[in-house]
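Visitor: Have a look at this one.
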Amino acid sequence: MYGKLFSSCLYGIDGVMIEVEVDLSSGIPQTSIIGLPDSAVRESIERVRSAIKNCGYTFPIQRITINLAPADLRKEGSAFDLAIALGLLTASGQITLPDEEKMLIIGELSLEGGLRPVSGVLSMVDLARRQGFTSVLLPKCNAEEALLLDGVKVYGLSHLKELAPEAELSKGSQGGPLHIGSFHHLKIEPTAKEKLVNHFSAAQEDYSDVLGQLHVKRALTIAAAGMHNIILIGPPGTGKTMLIRRLPTILPPLSQDESLEVTKIFSAAGKLKEPEAGLIRARPFRSPHHTISAAGIVGGGTIPKPGEVSLAHKGILFLDELPEFSRGALEVLRQPLEDRAVTISRTRAAFTFPAHFILAASMNPCPCGYLGAEPPLPLCTCGPGRIMRYRDKISGPLLDRIDLQVEVPRPADWPHDPAPLTSAAMSEKVQAAQVRQQERYKSYNISWNSELSGRTLRRFTQLNGEAETLMRATFEALGLSMRAYDRILKLARTIADIDDSDEITSSHVAEAIQYRQLDRRSRDLMG
């Protein structure tokens, strides 16, 4: 006797369709699960055996072969339990399932037949929808997450006994198969409410809380308008952390496609705590502690999970006190900052996680924090060698990838700032610059100026004679790398967009150059 059902598992953050084939034959009773199962999948047969018996069914006393196809793909997790159980019951003739629907079946079983939630449901249901499946049967706890997607009927199951009414279950156990005409009694209907909840917003925070610091707010506006990386350098207590934590308030909301992608990442990582609130619409803001490991930053594990760079996808990764992070944790940022994705290779598979984010960081100018400070702040006691060792914790290649390096001095004008710049005013400029970029790059697979490279960079960042002369002089004077040179061009393009200018002028280039504070400071120290 043979039965086949469809289930799914995660491969990175994407769902993979798995055929669960069950074959019952005569012979010595034993159960084999084939198709590269991991430990959780191999153990599923014991959960399924107990669940079937405790729900009044009979576990087949035959030679059982369960194949998870495709056979060359590693299968991980507990999402196959329900499909295996239903496959055994249909193959043994104890139940018959409705055949009018093409159904995806996922869920973990408890020993008494209850259904437990699994991670990554959104990715699996999205895959099923794209492959023409009309419905999905899953744990009721995951139903709200599945309902985030349109076009698929969602059937929620709390217990294996809920497959049919109690009377029918009793009748089926007495003789003849239990015929399940439909799953209509398990259907979950979406609630009528707006699903545009901001999971990460801090509605009470606004840049009007920060008095003065207009040049820093200008730099943050530029970073948000072009998705540029930024670092704030200044003595303790000048508001660096406060300024960066308000950066999400000026970023545009996620588009529909971006929302789905970000929500899928959180679902795969098991961090989608409130699926009933809807798709994530606000850009993520992640702020890991400086003791985080390299694997915590980019992801990893025996079964790789997304790291902080992927959880910050389409949003902000904030590293407070950057030199306090380990050198290993910082160096792994170089590849995702360049490629906007992370690839983690294991023995049997390579997993790719998206990682397109703004790196926002803060640091002191020296170990004591008071380099360049003026009274009443304490004087700096650090020598040039100590300062260089402190800054050497941030490698040159990583520093090259940070477009804006901005000094944050102690504010002197804050008592006389009756009308501080607000988030709304800054967001208006960011939105206008984004509209210009969308119009310019509508024929390209580009959304932000920071994504320009190669031919597209040369095409859209052409300089006039005066601006070109200034760039060449700066390149020689500061000893910039070609990567830093290109990033100055991208930054100048964003500044021109904020100023509503099609042409990149020498003033735009000059402003972009003056944001390379660490390049200039390092040269002064060496000189």
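Each reported figure results from applying straightforward, stated rules to the coordinates on display, with no laboratory input. Since this is a predicted model, take the numbers as computed values, not measurements. Cβ atoms come from the backbone with ideal geometry, glycine included; neighbour counts cover every protein chain shown.
Visitor: Based on the alpha carbons, how large is the Rg to Rh ratio for the stretch 2-186 when Rh follows Kirkwood?
Guide: Values: Rg = 15.3 Å, Rh = 16.3 Å.
Here the Rg-to-Rh quotient is 0.94.
Visitor: If you don't mind, there's one more thing I want to ask. Want the number for residue 302 to residue 438: 0.36 nm per residue separation, take away the alpha-carbon distance, what's left?
Guide: Going from the current span to full extension adds 45.0 nm.
Visitor: Rank by packing, highest mean first: peptides 381-389, 85-93, 41-49, with packing defined as the count of other Cβ atoms within 10 Å averaged across residues.
Guide: Working: 381-389: 13.2, 85-93: 23.6, 41-49: 18.9.
The most tightly packed comes first, giving 85-93, 41-49, 381-389.
Visitor: For 515, 370, 155, 444, what's the fewest-to-most ordering of other Cβ within 10 Å of each Cβ? Present the calculation step by step, with values, prior to reporting the outcome.
Guide: Details: 515 26, 370 19, 155 23, 444 12.
Lowest count first: 444, 370, 155, 515.
Visitor: For every other residue with a beta carbon closer than 14 angstrom to the beta carbon of residue 308, add +1 if it is Lys or Arg and -1 if Asp or Glu, then tell me the sum.
Guide: Details: positive: 271, 286, 305, 314; negative: 320.
My count for the surroundings of residue 308 gives +3.
Visitor: Return the distance in nm (one decimal) between the two label points of a simple spin-label model at residue 334 and residue 295, each offset 7 Å from Cα along Cα→Cβ.
Guide: 2.2 nm
Visitor: For residue 75, go through the aspartates and glutamates and keep the ones whose alpha-carbon is under 18 Å away, minus same-chain ones fewer than eight residues off.
Guide: 14, 19, 21, 38, 43, 46, 108
Visitor: Around residue 357, which amide H atoms from residues at least 5 apart in sequence, or from another chain, sit under 5 Å from its own amide H, with H modelled in the peptide plane?
Guide: Those qualifying (amide H under 5 Å, at least 5 residues apart or on another chain) are 314.
Visitor: Would you mind working out the magnitude of the charge dipole of the stretch 2-186 relative to its Cα centre, with +1 at each Lys and Arg C-beta and -1 at each Asp and Glu C-beta, to the nearest 20 Debye? Each step should come with its number before you reach the end.
Guide: On the way: 16 positive and 22 negative charges, 68 e Å.
It works out to roughly 320 debye.
Visitor: Once the other residues with Cβ under 10 Å from the Cβ of residue 14 are scored (Lys, Arg +1; Asp, Glu -1), what is the net sum? If you can, show how the numbers build up before the last one.
Guide: Working: positive: 264; negative: 126.
Taking every Cβ under 10 Å from that of residue 14, the sum is 0.
Visitor: Give me the one-decimal nm value for the distance between modelled label points at residue 34 and residue 111, 7 Å along each residue's Cα-to-Cβ direction.
Guide: Between residue 34 and residue 111, the simple spin-label model gives 3.1 nm.
Visitor: Using every alpha carbon pair in the chain, what percent of pairs falls into each 20 Å bin from 0 up to the bin containing the largest distance?
Guide: 20, 43, 25, 11, 1
Visitor: Follow-up question, since we're still on this one. Student exercise: in the stretch 217-375, how many lysine pairs 8 or more apart or on different chains have Cα atoms under 24 Å apart?
Guide: For the stretch 217-375, the number of qualifying lysine pairs is 11.
Visitor: While we're looking at this one, here's another question. Highest mean first, how do 453-461, 20-28, 485-493 rank when packing is the count of other Cβ atoms within 10 Å averaged over residues? Walk me through the intermediate numbers first.
Guide: Numbers: 453-461: 13.1, 20-28: 15.1, 485-493: 22.6.
Highest mean packing first, the order is 485-493, 20-28, 453-461.
Visitor: Then there is this: What nm distance separates the two modelled labels at residue 464 and residue 159, each placed 7 Å from Cα along Cα→Cβ?
Guide: With each label placed 7 Å out from Cα toward Cβ, I get 7.8 nm.
Visitor: Using only helices, what value at 222 nm comes out for the chain when you add -39,500 (n - 2.57) per DSSP H run of length 4 or more and divide by the total residues, to the nearest 500 deg cm²/dmol? Intermediate values should be presented prior to the final figure.
Guide: Values: 21 runs with 189 residues, N = 527.
Counting only the DSSP helices, I get -10000 deg cm²/dmol.
Visitor: Put +1 on the Cβ of every Lys and Arg and -1 on every Asp and Glu Cβ in the chain; which of 157, 120, 332 then has its Cα farthest towards the positive end of the dipole?
Guide: Toward the positive end, the furthest listed residue is 332.
Visitor: Let me spell out the model: positive unit charges on the Cβ of Lys and Arg, negative unit charges on the Cβ of Asp and Glu, origin at the Cα centre of the chain. What dipole size does that give, in debye rounded to 20?
Guide: Roughly 920 debye for the chain.
Visitor: While we're looking at this one, here's another question. Obtain the radius of gyration and the Kirkwood radius of the stretch 282-426 from its C-alpha atoms and give Rg over Rh. Don't skip to the end; give the middle numbers.
Guide: Working: Rg = 18.4 Å, Rh = 17.4 Å.
Result for the stretch 282-426 is an Rg/Rh of 1.05.
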